[in-house]
Amino acid sequence: MRVVDQRHLESHRRLRREMLVDAPDEFWETLAEADALTDADWRRDIELRTFLQALDETGAVVGQVGVLDEPYTDEHDLPADAVNIVGMYVSPSARGSGVSTRLMQAAADLARDRGRPVLMLDVSSGAARAIRFYERMGFQQTGVTEPHPRRDDLVWVQYRLDPSALSG
């Protein structure tokens, strides 16, 4: 298993569609919104953030995490020493194999190399497996929540990982 900085439009699009089908309430975007994107939109997406992808022994992409150096929107704050972790996903066939840990470690290494060692992310309150993973990694809730865009029974919960919690 290896993790690479991947700028391949098709692997990114395929994995994004897979994640939106597999876990539609765990991501802000919907499958319909993703399917409406043009090739130019997809290219802009991979230019605005770094996507680290996990490849299995055959070279197939089995996981991905995005690292974004800016706030999601003008309404969101991002400390100067932090990056946003976005679109974390591991294909069902690779779950439980350590892919999530490798992707998060690679994201933390990249952030540290950029001089922004704090990792921030938002996770759906319904994503129990993801929440357990983030908390095992040392992420702490910040106390900030935001309504889920489609479900009244869920919220987005903000987490923060300080550099001392994850060593490279």
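The values are calculated or read from the model by the stated rules, or taken from the named source; none is laboratory data. Note that the structure is a prediction, hence the values are computed from the model and not measured. Please note: Cβ atoms are built from the backbone with ideal geometry, for glycine as well, and neighbour counts cover all protein chains shown.
Elements of the type strands (runs of 3 or more DSSP E) sitting completely within segment 97-168 and holding at least 3 residues that are within 13 Å of the chain's Cα centre (by Cα) and farther than 13 Å from Ala82 by Cα: these cover 118-124.
Residues in segment 6-19 that are in contact with a strand residue (DSSP E or B) (Cβ under 9 Å, 6 or more places away or on another chain) and assigned to a helix (DSSP H, G or I): Ser11, His12, Arg14, Leu15, Arg16, Glu18, Met19.
Could you tell me whether segment 29-37 includes any residue that is closer than 17 Å to His8 by Cα and either of a type outside the set (D, E, K, R) or modelled with pLDDT under 90 (or both)? Yes, segment 29-37 contains at least one residue that is closer than 17 Å to His8 by Cα and either of a type outside the set (D, E, K, R) or modelled with pLDDT under 90 (or both). Total residues in segment 64-81 satisfying the condition of being buried (at least 21 other Cβ atoms within 10 Å of the Cβ) and either aliphatic (A, V, I, L, M) or at pLDDT 95 or above (or both): the figure is 2. Considering only residues in segment 114-150 that are touching an Asp or Glu at 6+ places or on another chain (Cβ under 6 Å) and more than 23 Å from Arg95 (Cα to Cα), the one that is surrounded by the most Cβ atoms within 10 Å (Cβ to Cβ) turns out to be Arg116. Does Val86 qualify as being under 19 Å from Leu68 (Cα atoms) and either small (Gly, Ala, Ser) or modelled with pLDDT of 95 or more (or both)? No.
Counting residues in segment 3-18 that are within 30 Å of Ser164 (Cα to Cα) and modelled with pLDDT of 90 or more gives zero. Every test in (1) exposed (fewer than 14 other Cβ atoms within 10 Å of the Cβ); (2) within 27 Å of Pro147 (Cα to Cα); (3) in contact with a strand residue (DSSP E or B) (Cβ under 7 Å, 6 or more places away or on another chain) is passed by Ser93 save one, and that test is (2). Within segment 68-91, identify whether any single residue is on the phi > 0 side of the Ramachandran plot and touching a residue at least 60 places away in the same chain (Cβ under 8 Å), and answer yes or no. Yes: one or more hits.
Please verify whether segment 114-127 includes one or more residues that are hydroxyl-bearing (Ser, Thr, Tyr) and more than 20 Å from Glu26 (Cα to Cα). No; the residues of segment 114-127 include none that is hydroxyl-bearing (Ser, Thr, Tyr) and more than 20 Å from Glu26 (Cα to Cα).
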